[in-house]
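See below for the structure under consideration.
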Amino acid sequence: MSQSDGPTLGIGMVGYAFMGRVHSQAWRSVSAFFDLPARPVMAALCGRSADGTAAAAEQMGWAATETDWRKLIARDDVAVVDICTPGDSHAEIAIAALEAGKHVLCEKPLANTVAEAEAMAAAARSAAERGVYAMVAFNYRRVPAIAQAARWVAEGRLGAIRHVRAQYLQDWIVDPEFPLVWRLRKELAGSGALGDIGAHIIDTAQFITGQRLTQVSGLTETFITHRPLAGVSAGLSADTGNGSGAEMGEVDVDDAALFVGRLSGGALASFEATRFATGRKNALRIEVNGSKASVAFDFEAMNELWFHDHALPAEEAGFRRVLVTEAGHPYAGAWWPPGHGLGYEHTFTHEVKDFVEAIASGIAPAPSFDDGLNVQRVLAAVERSAADQSRLTAIEEV
Ligand code: SOE
């Protein structure tokens, strides 16, 4: 029986900017590469602008449009609500969708505050009892190399985990003329680099090690405190939305966050999330050092995983490159022959594949909203720590 004859799963998506585009690509492609228990149907796209949403739906392959997310949730042809909006609307939309019996995929970070995340997690736990599931879109768990690293840790290949060294390095706002887009406004994004990309390395570190952070201590900095005002909808683009951009607005979020922490298994961890790493575009990097072996990864070479086997004689040891494109590697077998490689968008296809399978099997997907709440609590702890300057020890000048 071809997939076109089998059961379907109506998808409704809210938002059609960068995340909406990459999620659309995932929903559009997943059935062509994975045999799913139900075929996703791109039923409706929701956005505030009727014209913008209609154009996006036409280009991205959505069958219908809505301009009110409440109507999207109410549609009978929508069984899954995919939330691709800024964080200030995640809680309201997700809770209403879950209460309406719709499965929810929500972009990260889960929310803009711990209180919102707690309410979302409670709604998800209640919904799961009714067979309605929720997942957070921490897509980097679905990079084959990162999933393979987690496998090796779980198999004991690295031994006792001693260190996690995680960075997420970007440089898209180094220019002081880059406008005050929504990712730079606390009321919309909740925080700056810390929540946007720091959330990813927190989840990735916890996913690979299978451990959770128990304590953190951090620093944050805002290097450029005022920027030209932008159109609210502008996400990553430099679209000021208001012509000259002469009027300036205060930046009320962090440009960079550095923090250290202890993991529940005793390892020490360091994290760096910055949008000012000039020359680094989307460098999610993580290195895990164990008593028996280490792994190292850089998203800017996302098909490669570096492995050091400490059991080898020192004369032979050192990090060797594993090309994570074999059929036996996570997800890779669904795509191309070894060596052809995958990209950023494939991680979202893997994400929706796992979500559809979880829904069909009645097994709650991961990362759950509880996992998202945990990350939210880490973010809040870093912010509290960074706000307490008394913890810093000044160095006397010579
Ligand atoms: C901007 O920092 C951004 O688009 C993040 O919001 C995404 O989560 C990340 O995958 C790429 O960079």
### Query
Can you find even one residue in the stretch 329-338 that is open to solvent by 40 Å² or more (accessible area, probe 1.4 Å) and under 30 Å from residue 266 (Cα atoms)?
no
### Task
Quick one: count up the residues across the stretch 22-40 that are touching a strand residue (DSSP E or B) at 6+ places or on another chain (Cβ under 8 Å) and open to solvent by 50 Å² or more (accessible area, probe 1.4 Å).
2
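Right, residue 183: within 11 Å of the ligand (Cβ to nearest atom) and closer than 19 Å to residue 272 by Cβ or not?
In short, yes.
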### Message
Checking residue 43 against (1) farther than 18 Å from residue 356 by Cβ; (2) touching a Lys or Arg at 6+ places or on another chain (Cβ under 8 Å), only one condition comes out false. Which one?
### Response
(1)
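What number of residues within the stretch 91-114 satisfy the criterion of being within 16 Å of the ligand (Cβ to nearest atom) and either open to solvent by 10 Å² or more (accessible area, probe 1.4 Å) or without any contact (Cβ under 8 Å) to a residue 60 or more places away in the chain (or both)?
Qualifying residue count for the region: 3.
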#### Entry: Qualifying strands (runs of 3 or more DSSP E) (wholly inside the stretch 1-87; at least 1 residues being over 25 Å from the mean Cα position of the chain (by Cα) and away from the ligand (no atom under 16 Å from the Cβ))
8-14, 64-66
### strands (runs of 3 or more DSSP E) enclosed by the stretch 248-341 - at least 1 residues per element that are in contact with a Lys or Arg (Cβ under 8 Å, 6 or more places away or on another chain)
248-250, 256-263, 268-274, 283-290, 293-298, 304-309
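The values are calculated or read from the model by the stated rules, or taken from the named source; none is laboratory data. In this text, all values refer to a predicted model and were calculated from it rather than measured experimentally. When we count neighbours, we look across all protein chains shown, and the Cβ atoms used for this are built from the backbone with ideal geometry, even at glycine. Calculation scope for accessible area: heavy atoms of the full protein, side chains included, ligands and nucleic acids excluded. Shrake-Rupley method; radii C 1.70, N 1.55, O 1.52, S 1.80 Å.
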